[in-house]
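The values are calculated or read from the model by the stated rules, or taken from the named source; none is laboratory data. Source: prediction; values computed, not measured. Here the Cβ is made from the backbone with ideal geometry for all residues, glycine too, and neighbour counts use every protein chain on show. Note: accessible area is taken over every heavy atom of the protein model, side chains too, but ligands, DNA and RNA are not part of it. Shrake-Rupley method; radii C 1.70, N 1.55, O 1.52, S 1.80 Å.
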Amino acid sequence: MSGFLRPAVSALLALTLTAQTALPAFAAPPMTRADYEACQSGDEQAFRRSIESLSLKALESGVKTFDYRAAVDTQWRRLGMDDLLSKRVDLAIEEVRSETSWAGLAQSLINSEKAQEISTAVAERVYKSDAMKTAIESLATGVGNEIGRTLEIASKDAVGPSLECLRAFLGGRYGTTVAGVVTADVERDFGLEGVAGKASVSSGSVIQHSSEGIAGAAILLMRRQLANIAARIGQRLAGSVLARLVSVAAGGVGLVLVAKDIWELRNGVLPIIAEEMKSDTTKTMVKDELAKTISEQIAAHLNEIAAKAADRVIEIWRTFRNAHQKALELAEKNEAFRSFLDTVKPEQLPRLDEVVALAMASDGEQGVLKRLNDGTLNEAVRFLPEPAMTIARDTRSIDAALGWFALAGDQLPKVLEHEIYRRSSPQGFTRATLTKLLALDDHVAITRLAGLPPEARDRLLGLGSEDLKRLARSFSEAELATLSRYLEGLQPEPRARVLAAVAATPSKMQSIATPRVREAILASGDQARAVDMMLRDGSGGPELIVADAKAAWEGEVSPILMWEKHPLVVVALGLFAVMLLLMLRRLFRPRRAQTPA
């Protein structure tokens, strides 16, 4: 018969989950000043004991006024237990009569021990029959429903004291925001959150606000622990209640044997047993025993339920603390940070954790407090959009995120899309230059230009968009930097010629790319003449070569450029000069006198 009251506790569970019937409220014991001080000043273990005590008080107060006997009467009538009992007694009497000899039945009239033996046999067949077990389970289920309603109300009556205890423990240490959001987290976990005012956030963080608290944590935990409790109750009742009911029923018969006249010798004491087991007196004793047993079992578990409830509250708090560890440590140590934390909305706590972690990683605790004082912590937590936080995560820098957000504004998603923040800093741009760069709308061109030094990039941005886009797609960053350096040293006219020529034909950059050529152009007396010479296709005809040589001779262009532009001509001229010198040497060298033979 193990677990025959299991449906009773199951019904209690169902009630706590679904019952909404309006019943008279049971006033929970108020939270005393000693309770409040224990919550506020104690450590975590003292806080746990306070929650357990408040939960237990609420449950005990609720069930204290519950009339188990009246509940058993109600269920007894609902199930028609009188009729069932009469039928089971009649069946049991017939079974015992058929199994007992005539002599045994006769002996029961004069032997009290034999009479008690027969009475016990009948009672066992009645109360341990499957039909009676099922009926008692149904009765217990009905009583459980009524207990559930009572405990539901008792649990709700614990809202005020339990909530105050939680706030007292957390508020002084971490501020009202933390106290409120942990309370909301407990409410959500225990299924008491309000319908309105929700603000969902990530796991381990604050869940929502509502006007209710953790009240009734004990009965709520029963929802979680019900299966184990029901099993234990069933096992205990199987070993005690049935045996006690048999003893009550059989014992009641024994008491009246001496008062009965002996009649119908052939039936022994069976008629007496049948009459007494159906009597109101025996039924009353059975009902009393059922009420007492159910009451004992419920009361035995109140301490356990209250303790489990307190454990669950502590577990939820520790989960929250682990998720927000750095922020809570700062709040506990620093009054200014605790005041700031009180202004943070629950849904902003994950952002606060992330910002604090980034600031701690780069600048330590003092860096966080410095940001608190200069307002950048508040700005990062409340106003930075998600693209800016992506930049902060990638660069491991809150400063970078703030800088890019201040610079780019609504264009921040494009900065993120083209990864400009990876290749430059916001200090390298003005809003105008960033806007011009993004206007190219070409990922390759934008990323290559973004990687240039600010001065070089700004000079190239002077080109038209299409020319600049073509250059940026054709040149590497090194070549773009070289081109920019040309633009830095050149006068306006030759600068314009270089830009125009390179923009039209990017391959021409190769002819002026080397540092030797650049320095030679910059050193030329006529930079425009030098640029034209180096950007010209091929060496040109003899006239151009002669003109280039003349320019080099007259100092208009650096002689180095002659070598770079006309190497074969320079070599040929060099050989010609050598040959000419040899001829002149031979011409003017005095002949040696011949010695007479």
Revision key, fill the gap. Of the residues in the stretch 79-112, those that are of a type in the set (Gly, Ala, Ser), over 30 Å from Asn145 (Cα atoms) and either modelled with pLDDT of 90 or more or buried (at least 20 other Cβ atoms within 10 Å of the Cβ) (or both) come to Ala92, Ser108
Point to revise | Verdict on Leu59 being modelled with pLDDT under 85, assigned to a helix (DSSP H, G or I), under 30 Å from Met285 (Cβ atoms) and open to solvent by less than 30 Å² (accessible area, probe 1.4 Å) | key: yes
Exercise for review: Run down Ala500, Ala520 and say which single residue is closer than 17 Å to Leu468 by Cβ and aliphatic (A, V, I, L, M).
Suggested key: Ala500
Review point. In the set Leu434, Leu377, Leu412, which member is crowded, with 17+ Cβ neighbours inside 10 Å, under 30 Å from Arg338 (Cα atoms) and aliphatic (A, V, I, L, M)?
Key: Leu377
**Study point:** Residue satisfying condition, being within 26 Å of Ala445 (Cβ to Cβ), aliphatic (A, V, I, L, M) and either touching a Ser or Thr at 6+ places or on another chain (Cβ under 6 Å) or at pLDDT 80 or above (or both), within set Leu490, Leu483, Leu461
**Key:** Leu461
**Study point:** Test result for Ile420, within 30 Å of Val368 (Cα to Cα) and touching a residue at least 40 places away in the same chain (Cβ under 8 Å)
**Key:** no
Practice item. Filter the stretch 28-56 down to the residues that are within 18 Å of Asn303 (Cβ to Cβ) and of a type in the set (Asp, Glu), then identify the one that is least open to solvent (accessible area, probe 1.4 Å). Key: Asp35
Revision key, fill the gap. The condition of being among the aliphatic types (A, V, I, L, M), free of Cβ contacts under 8 Å to residues at least 40 places away in the same chain, buried (at least 16 other Cβ atoms within 10 Å of the Cβ) and not in a helix (DSSP H, G or I) holds, among Leu384, Leu330, Leu372, only for Leu384
Check your understanding: Checking Ser425 against (1) of a type in the set (Gly, Ala, Ser); (2) closer than 30 Å to Lys508 by Cβ; (3) surrounded by 15 or more Cβ atoms within 10 Å (Cβ to Cβ), which test does it fail?
Key -> (2)
Check your understanding: In this structure, does Val531 turn out to be part of a helix (DSSP H, G or I) and either open to solvent by 50 Å² or more (accessible area, probe 1.4 Å) or modelled with pLDDT of 80 or more (or both)?
Key -> no
Check your understanding: Given the conditions (1) in contact (Cβ under 8 Å) with a residue 60 or more places away in the chain; (2) open to solvent by 30 Å² or more (accessible area, probe 1.4 Å), and given that Trp76 satisfies all but one, which numbered condition is not satisfied?
Key -> (2)
Practice item. Restricting attention to the stretch 363-388, report how many residues are among the small types (Gly, Ala, Ser) and touching a Phe, Trp or Tyr at 6+ places or on another chain (Cβ under 8 Å). Key: 1
Exercise for review: State all residues of the stretch 341-369 that are in a helix (DSSP H, G or I), touching a residue at least 40 places away in the same chain (Cβ under 8 Å) and among the β-branched types (Val, Ile, Thr); if no residue qualifies, say none.
Suggested key: Thr343, Val355
**Study point:** The one condition in (1) surrounded by 17 or more Cβ atoms within 10 Å (Cβ to Cβ); (2) touching a Ser or Thr at 6+ places or on another chain (Cβ under 9 Å); (3) over 30 Å from His301 (Cβ atoms) that Phe66 fails to fulfil
**Key:** (3)
Exercise for review: Can you give me the ranges of the helices (runs of 4 or more DSSP H) entirely in the stretch 415-504 with at least 3 residues that are basic (Lys, Arg)?
Suggested key: 465-474
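Residue-wise test of (1) over 21 Å from Lys87 (Cβ atoms); (2) in contact with a Pro (Cβ under 9 Å, 6 or more places away or on another chain); (3) β-branched (Val, Ile, Thr); (4) modelled with pLDDT under 75.
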position: Ala121; (1), (2), (3), (4): no, no, no, no
position: Tyr127; (1), (2), (3), (4): no, no, no, no
position: Ala131; (1), (2), (3), (4): no, no, no, no
position: Gly148; (1), (2), (3), (4): yes, no, no, yes
position: Val159; (1), (2), (3), (4): yes, no, yes, yes
Review point. So how many residues does the stretch 466-490 have that are farther than 27 Å from Gly525 by Cβ, in contact with a helix residue (DSSP H, G or I) (Cβ under 8 Å, 6 or more places away or on another chain) and not charged (D, E, K, R)?
Key: 7
Exercise for review: Can you give me the number of residues within the stretch 466-518 that are open to solvent by 10 Å² or more (accessible area, probe 1.4 Å) and either touching a strand residue (DSSP E or B) at 6+ places or on another chain (Cβ under 6 Å) or not basic (Lys, Arg) (or both)?
Suggested key: 27
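Yes/no matrix, rows are residues, columns are (1) in a helix (DSSP H, G or I); (2) open to solvent by 50 Å² or more (accessible area, probe 1.4 Å); (3) at pLDDT 85 or above; (4) at positive phi:
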position: Thr281; (1), (2), (3), (4): yes, yes, no, no
position: Thr284; (1), (2), (3), (4): yes, yes, yes, no
position: Gln297; (1), (2), (3), (4): yes, no, no, no
position: His301; (1), (2), (3), (4): yes, no, no, no
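Residues are listed down the side, and each one gets a yes or a no for (1) charged (D, E, K, R); (2) touching a residue at least 24 places away in the same chain (Cβ under 8 Å); (3) part of a helix (DSSP H, G or I):
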site: Ala306; (1), (2), (3): no, yes, yes
site: Asp311; (1), (2), (3): yes, yes, yes
site: Arg321; (1), (2), (3): yes, no, yes
site: Lys326; (1), (2), (3): yes, yes, yes
site: Ser339; (1), (2), (3): no, yes, yes
